[in-house]
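Structure, as structure tokens:
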Amino acid sequence: MSGITQSTALWYASRATGVVSLVLLSIVVILGVMVNRQGRLPGLPRFAVTGLHRSISLIAVVFLAAHVLSAVADQYVSIRLAAAIIPFTSSYLPLQIGLGAAALDLGLAVVVTSLLRARLGRRAWRAVHWLAYAAYPVALLHSLTSAKDLLSGGLLALTATCVLGVTAAVGYRLVSTRRVREQRIRPAELTGHAGGSGPAGVRACAPGNTVSLRASTVKTAAARYSPDAASPSGPPRTTEGAQR
């Protein structure tokens with residue numbers, strides 16, 4: 001801590017809050033990717049997942065705001081507040097700061113729509129919420145290009161861990177989604193075979209064909225025990241033949 005002076009305190013604060021923001025954003029993305037459509041995470045109940053995701057998201061917003069404000073207040077470099085919000089308008093490192101501003105805007109869009117979720121339709125809210133996933137790679141590029149200390153030492157290992165965690169979560173979600181789709185397709189295929197394109201045994205198991213078989217059995221039994229039915233020993237007897 002001896003290296004931190006009054007003139008470098010804001011610089012260290014900006015770096016520290018930026019690293020913490022990256023870690024928290026990684027956790028938020030991992031939770032969002034792994035949660036299924038029912039809002040559940042393997043091993044956790046729904047209310048716990050929702051509360052955990054919301055709490056970490058709010059903490060990430062706080063650290064992100066501290067990161068932006070400390071960078072703007074730092075007099076070592078000139079970064080205007082407008083440049084931190086409007087992408088690619090900064091005179092200092094326009095590409096790197098522009099990426100950070102773009103990630104900030106995407107995150108703000110997600111926060112605002114989440115606060116207005118009750119007034120928005122689910123489809124509209126969900127479409128905007130996908131921007132959080134787009135904000136992550138943009139924020140990661142901003143971090144790697146503007147903070148050279150992330151490219152070596154323990155911070156590099158921390159960054160790699162965050163990226164690997166997000167990648168593993170995406171892979172898990174893709175595999176689980178594929179399994180769910182396969183489970184939905186199999187009953188549909190069985191229904192299609194039962195309609196007439198499959199073996200006779202499968203068709204007989206279909207609900208509609210079962211009713212048809214029952215009706216056919218009833219008709220056969222009625223015809224067999226009808227008075228007008230042929231006897232086993234010869235042709236049916238007429239009234240005249242019976243009188244004789």
Being part of a helix (DSSP H, G or I) and touching a Phe, Trp or Tyr at 6+ places or on another chain (Cβ under 9 Å) narrows LEU99, LEU141, LEU69, LEU64 down to just LEU99
Of the candidates ALA124, ALA66, the one satisfying the condition of being within 24 Å of VAL29 (Cβ to Cβ) and surrounded by 15 or more Cβ atoms within 10 Å (Cβ to Cβ) is ALA66
When you look at SER57, is it buried (at least 16 other Cβ atoms within 10 Å of the Cβ), farther than 22 Å from LEU131 by Cβ, hydroxyl-bearing (Ser, Thr, Tyr) and in contact with a helix residue (DSSP H, G or I) (Cβ under 8 Å, 6 or more places away or on another chain), yes or no?
no
Evaluate the following for ASP74: is it acidic (Asp, Glu) and in contact (Cβ under 8 Å) with a residue 60 or more places away in the chain?
yes
For region 132-149: of the residues being of a type in the set (A, V, I, L, M, F, W, C), under 17 Å from the mean Cα position of the chain (by Cα) and surrounded by 18 or more Cβ atoms within 10 Å (Cβ to Cβ), which is modelled with the lowest pLDDT?
ALA132
Does THR161 fit the bill of being within 18 Å of the chain's Cα centre (by Cα), outside the structural domain of VAL23 (by TED's automatic domain parsing) and at pLDDT 90 or above?
no
Would you check which residues across region 13-54 are under 19 Å from LEU131 (Cβ atoms), modelled with pLDDT of 90 or more and of a type outside the set (A, V, I, L, M, F, W, C) and list them?
SER21, SER26
Looking at (1) exposed (fewer than 15 other Cβ atoms within 10 Å of the Cβ); (2) without any contact (Cβ under 8 Å) to a residue 40 or more places away in the chain, find the lone condition where VAL110 falls short.
(1)
Please indicate, with yes or no, whether at least one residue in region 134-147 is touching a helix residue (DSSP H, G or I) at 6+ places or on another chain (Cβ under 8 Å) and without any contact (Cβ under 8 Å) to a residue 12 or more places away in the chain.
no
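The values are calculated or read from the model by the stated rules, or taken from the named source; none is laboratory data. These numbers were taken from a predicted model, which means no experiment stands behind them. Note that each Cβ is placed from the backbone with ideal geometry, even for glycine, and that neighbours are counted across all protein chains shown.
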